[in-house]
Amino acid sequence: MDSVETQTPRPARPPAAVPAEAGVTALYEANALGLVRLAVIMLGDRQAAEDVVQDAFFGLYRNWSRLDDPGKALAYVRSSVLNGCRAAVRGQTRRDRRDRAAATDARSSIESAEALVLLSEEHREVLLAVRRLPERQREALVLRFYFGLSEEETARAMRISRGTVKSSLSRALAALGRMLTEES
Amino acid sequence: MTSAEERTRAAMDAITGLVENVAPLTLPPPAPPAMPARLRGRVPSPRRRWGSWLAPVTAAVAVVAIAIALVVVRDVPSGRPTPVASQVLPPTGIPQYYLTFDQPPGDTTKPVGLVLRATLTGKTLFTLQPPRGLSFAGITGAADDRTFVADAHRDPYGVEGSAGRSRTWYLVRVTSTGSGPALTMTKLRISATPVGTMINDIALSPDAAMLAVVSEHLTTKPREQQQLRVYSVATGAVLHTWLSPADKVPPFVGGGGDGGDPNAALAWIGDRSLAFNQGTFAASGVPTLTVLELELSRPDGAILASSRTVAILPPAGETGKPSPYGCRWFWGDVMVTGDGTSYVCGGNGTSSATLPKLYCLKHPTWNVVAFAGFSLTTGKMTRILSGYRTGCAGYNVLGYPVWVNATGSTVIGYMIFGSRNSGMFGVFTHGSFRPLPYPVPGSSYQYMAGSLLNQVAW
């Protein structure tokens, strides 16, 4: 399965030791694909997912010099991607709505007819069900099951407690089980 | 593990096949040194980002554009733009367009033109007439689904039976117009092949910068050695020349023209290597298929001395009964992926316990496989792209690939149920299938070895 590369992100190098451009670019090359896939699952829209990930790396780039703990670089980007996905899902701004509409018009959405057919019906149903979950449950599910993060790492990325991660995951699976049973 | 968990993990994994690359990160100039707040994980507003950096970014883009323009003009004496191809595929993960001929191979009543079609719908988008007095005979595509090279010859018309005629070469590109995509044609500076030269294979590099041509001169006995030449698309210069072994009967690489000049016996691995495969018979009489890699940095001359064997393929399984999966013994049925890590094979045979999952099936009683991926490093099977459960179609299922993506996770191909004289043409990826219109007119389920490959270029 070629998703392995996304499940074992390369550790970030100390930001202070490398220039911002080289450091952020290296981090992007090692992790962007996995993060875009994560965002695609969250948003169901390839273009929006790439925008969110690019924005997250822009944020890291602008703040590179003040990143005191090098180990936080990837965690920061991951949290930024989650934030970006939340913002996009909620449609907080007019720009988000316009971009999503444009993406749909351009048939670049993963929900477009062309892209969806590349997924089996089974997978389509599951992913649509995942996207109907409450935000916290969806994030916990994706970070644990797709990104392969531990409960502790998931908790840090979501800025919630481990206990909340466990309960969110449990509720997500229960809800998914119900939704998928009803649909079948 | 719950069923919902299993299904969720599988569905998320399936996304991998849809998102295989991302656009490169383009960073603006460095941020000002003094910033008031510590890193808190906030994403800066896009409006502010563009507002403050628009001017320097615009200036940088302008400088880069000028530099690119200078390179383009320098590389092409005529001043025409050099062919540059993007390797980014549409979100569907398959090429948006393909090129084919505008008439069946056997039609010799008029000059053969080229047709641009949409992969998903099969709709004809544009028809390009050949240069006056010529007829197109071969096509090959770059990695971007919109840059091609075509060769043409003089009368008599028709694609079939065109071996031995002199070829001239054209760059064909998809351009956008107000009414939709169109094709443009530019004659290349590659020397016309002499009369009596048969084209055994053509392959355009992923970036459309180089064209590899395998040919042999049709003479009476003894037949001459084949030549593999690599040309610069921009200048027409011969960059490399290799010769097939003198003691081997051609064709050593590729085959003869059968419904168009062959375009699948060579594969580019990135822009620096070529892969080709050979069928031979072992002493026992068992057919063996070998994949060889030829790096462009190796010395010109003897092709075998400059190549290395990267894989010996398992022979195809017996049809009609359970047998280990293997690849069909034909040069067009093995496609090396652009990243050079694997090959996808059209073949037949049954699966075994070592295969963990076949996504397209509802029940774990599957066992007939048509397309599979193998690692070039280990030689082991790494992917099953299509298959059928016993009982659906018996054991007699064959797979014929016509396009594979750079990583080998998606293949466009043709899966035939031999016993039923029917088949499925479309996109196979991780066991799921999406039907596509058959890409050429005519009897879609009568696949002649190589003929479909030679008539389409993705």
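The values are calculated or read from the model by the stated rules, or taken from the named source; none is laboratory data. Not measured: the values here are computed from a predicted model. With ideal geometry, Cβ positions are generated from the backbone for all residues, glycine too; neighbour counts draw on all protein chains shown.
The table for this structure:
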| quantity | calculated |
| --- | --- |
| Yes/no for residue A:53 being farther than 24 Å from residue A:152 by Cβ and crowded, with 22+ Cβ neighbours inside 10 Å | no |
| Verdict on residue B:275 being touching a Leu at 6+ places or on another chain (Cβ under 9 Å), modelled with pLDDT of 85 or more and not basic (Lys, Arg) | yes |
| Subset of segment B:195-226 (residues that are among the polar types (S, T, N, Q) and modelled with pLDDT of 90 or more) | B:205 |
| Index of the failed condition, residue B:238 passing every other in (1) at pLDDT 90 or above; (2) aliphatic (A, V, I, L, M); (3) crowded, with 17+ Cβ neighbours inside 10 Å | (3) |
| Residue A:169 being surrounded by 13 or more Cβ atoms within 10 Å (Cβ to Cβ), at pLDDT 80 or above, among the hydrophobic types (A, V, I, L, M, F, W, C) and touching an Asp or Glu at 6+ places or on another chain (Cβ under 7 Å) | no |
| Strands (runs of 3 or more DSSP E) within segment B:113-202 that include 2 or more residues touching a Phe, Trp or Tyr at 6+ places or on another chain (Cβ under 7 Å) | B:114-118, B:134-141, B:147-154, B:168-177, B:180-187 |
| Qualifying residue in segment A:129-144 (condition: in contact with a Leu (Cβ under 6 Å, 6 or more places away or on another chain), surrounded by fewer than 18 Cβ atoms within 10 Å (Cβ to Cβ) and either in a helix (DSSP H, G or I) or at pLDDT below 80 (or both)) | no |
| Positions within segment A:42-90 being in contact with a Ser or Thr (Cβ under 6 Å, 6 or more places away or on another chain), within 7 Å of chain B (Cβ to nearest Cβ) and either in a loop (DSSP other than H, G, I, E, B) or not small (Gly, Ala, Ser) (or both), in sequence order | A:46 |
| Pair list, Cβ < 9 Å and 6+ apart or interchain, from segment A:164-184 residues that are within 12 Å of chain B (Cβ to nearest Cβ) to residues that are of a type in the set (Phe, Trp, Tyr) | A:169/A:145 |
| Hits in segment B:278-297 (condition: over 12 Å from residue B:212 (Cβ atoms) and at pLDDT 70 or above) | B:278, B:289, B:290, B:291, B:292, B:293, B:295, B:297 |
| Count of segment B:312-326 residues which are within 12 Å of residue B:290 (Cα to Cα), in a strand (DSSP E or B) and modelled with pLDDT under 80 | 2 |
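So that you can scan it fast, the table gives a plain yes or no per residue for (1) modelled with pLDDT of 75 or more; (2) more than 22 Å from the chain's Cα centre (by Cα); (3) crowded, with 22+ Cβ neighbours inside 10 Å; (4) in a strand (DSSP E or B):
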| residue | (1), (2), (3), (4) |
| --- | --- |
| B:367 | no, yes, no, yes |
| B:378 | yes, yes, no, no |
| B:403 | yes, no, yes, yes |
| B:406 | yes, no, no, no |
| B:414 | yes, no, yes, yes |
| B:443 | no, yes, no, no |
| B:447 | no, no, no, no |
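Per-residue answers, yes or no, for (1) over 13 Å from residue A:77 (Cβ atoms); (2) more than 7 Å from chain B (Cβ to nearest Cβ); (3) at pLDDT 80 or above:
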| site | (1), (2), (3) |
| --- | --- |
| A:4 | yes, yes, no |
| A:30 | no, yes, no |
| A:34 | no, yes, yes |
| A:40 | yes, no, yes |
